[in-house]
1. What tally of residues in region B:42-59 results from selecting those that are in contact (Cβ under 8 Å) with a residue 24 or more places away in the chain and more than 7 Å from every other protein chain (Cβ to nearest Cβ)?
2. I'd like to verify a number: residues in region A:80-108 that are within 11 Å of the chain's Cα centre (by Cα), within 13 Å of residue A:34 (Cβ to Cβ) and within 10 Å of another protein chain (Cβ to nearest Cβ), how many?
3. Please verify whether region A:99-107 includes one or more residues that are without any contact (Cβ under 8 Å) to a residue 60 or more places away in the chain, within 26 Å of residue B:56 (Cβ to Cβ) and surrounded by 13 or more Cβ atoms within 10 Å (Cβ to Cβ).
4. When region B:94-103 is examined, which residues are found to be within 11 Å of chain A (Cβ to nearest Cβ), surrounded by 14 or more Cβ atoms within 10 Å (Cβ to Cβ) and in contact (Cβ under 8 Å) with a residue 12 or more places away in the chain?
5. Out of region B:53-63, which residues are surrounded by fewer than 16 Cβ atoms within 10 Å (Cβ to Cβ), touching a strand residue (DSSP E or B) at 6+ places or on another chain (Cβ under 8 Å) and outside any loop (DSSP other than H, G, I, E, B)?
6. Considering only residues that are crowded, with 17+ Cβ neighbours inside 10 Å and either within 12 Å of the chain's Cα centre (by Cα) or part of a loop (DSSP other than H, G, I, E, B) (or both), which ones fall in region B:1-24?
7. For region A:3-33, name all the residues that are surrounded by 14 or more Cβ atoms within 10 Å (Cβ to Cβ), within 14 Å of another protein chain (Cβ to nearest Cβ) and part of a strand (DSSP E or B).
8. Could you tell me which residue of region B:104-113 is surrounded by the fewest Cβ atoms within 10 Å (Cβ to Cβ), considering only residues that are within 12 Å of chain A (Cβ to nearest Cβ) and outside any loop (DSSP other than H, G, I, E, B)?
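Read the figures in this text as sums done on the coordinates, not as results from a lab. Quick caveat: nothing in here was measured; it's all calculated off a predicted structure. Glycine also receives a Cβ, built like all others from the backbone with ideal geometry; neighbour counts cover every protein chain displayed.
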């Protein structure tokens, strides 16, 4: 069985602070895929990033960066210089490599960025 | 491309009523799935399909039915609505099993009274 844990249910920061959202996962698959999605107050789910289990390179996209560490089964997400528009619920998700595997989501972290 | 289209956006049902949530995608994706989102629990998989004519149960399938007669459509049926089915429902599609990202519909907010 797969499991994704996002221990931080809510985080509140002041604009321009850096913030890291934690994600820990469990899977028995040797091939798997990790994702982050953003859910703004409007409710839709916006894809942010995908990582496969063979690629442990960290990735940076503008103010966003992701740290994937297989040794600790973690896939953390950092927002640098946060902005009010970053306020949203962020979901980490896992998909196993076998046919028919769908996404398993963590419980989400609500990020509130105050001006 | 419209992507993934869900209808309706909002619905109020009385306990015991049945209804169908519609989901259509125009990206020729093989994989489609339904999730429900409840506070603090993330999204949980209800049913999924890996192609036309093939469906399977997810984590929370009780009280729901699905069918996949075409690649494009994947309706979710509530057989006899219960207050516990009050939730936000999301339909998703993805290209294949190789880890491509899932595209989500806008969601349906369902209230059962």
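1. Taking region B:42-59 as the starting set, the residues that turn out to be in contact (Cβ under 8 Å) with a residue 24 or more places away in the chain are B:43, B:46-47, B:49-50, B:58.
If we keep only those that are more than 7 Å from every other protein chain (Cβ to nearest Cβ) as well, we get B:46-47, B:49.
Residues meeting the conditions: 3.
2. Selection size over region A:80-108: 5.
3. First, the residues of region A:99-107 that are without any contact (Cβ under 8 Å) to a residue 60 or more places away in the chain: A:99-100, A:102.
This time we only want the ones that are within 26 Å of residue B:56 (Cβ to Cβ), so: A:99-100, A:102.
From what is left, the residues that are surrounded by 13 or more Cβ atoms within 10 Å (Cβ to Cβ) are A:102.
The answer is yes, given that some residue of region A:99-107 is without any contact (Cβ under 8 Å) to a residue 60 or more places away in the chain, within 26 Å of residue B:56 (Cβ to Cβ) and surrounded by 13 or more Cβ atoms within 10 Å (Cβ to Cβ).
4. Of the residues in region B:94-103, the ones within 11 Å of chain A (Cβ to nearest Cβ) are B:94, B:96-103.
Add one more test, that the residue is surrounded by 14 or more Cβ atoms within 10 Å (Cβ to Cβ), and what stays is B:94, B:97, B:99-103.
If the condition is that a residue be within 11 Å of chain A (Cβ to nearest Cβ), surrounded by 14 or more Cβ atoms within 10 Å (Cβ to Cβ) and in contact (Cβ under 8 Å) with a residue 12 or more places away in the chain, then B:94, B:97, B:102, B:103 are the ones that fit.
5. Within region B:53-63, B:56, B:57 qualify.
6. Answer for region B:1-24, where residues must be crowded, with 17+ Cβ neighbours inside 10 Å and either within 12 Å of the chain's Cα centre (by Cα) or part of a loop (DSSP other than H, G, I, E, B) (or both): B:4, B:6, B:21, B:23, B:24.
7. A:4, A:5, A:21, A:24, A:25, A:32, A:33 - these are the residues of region A:3-33 that are surrounded by 14 or more Cβ atoms within 10 Å (Cβ to Cβ), within 14 Å of another protein chain (Cβ to nearest Cβ) and part of a strand (DSSP E or B).
8. Step one: filter region B:104-113 for residues within 12 Å of chain A (Cβ to nearest Cβ), giving B:104-109.
If we keep only those that are outside any loop (DSSP other than H, G, I, E, B) as well, we get B:104, B:108-109.
Working: B:104: 24, B:108: 23, B:109: 15.
Result: B:109.
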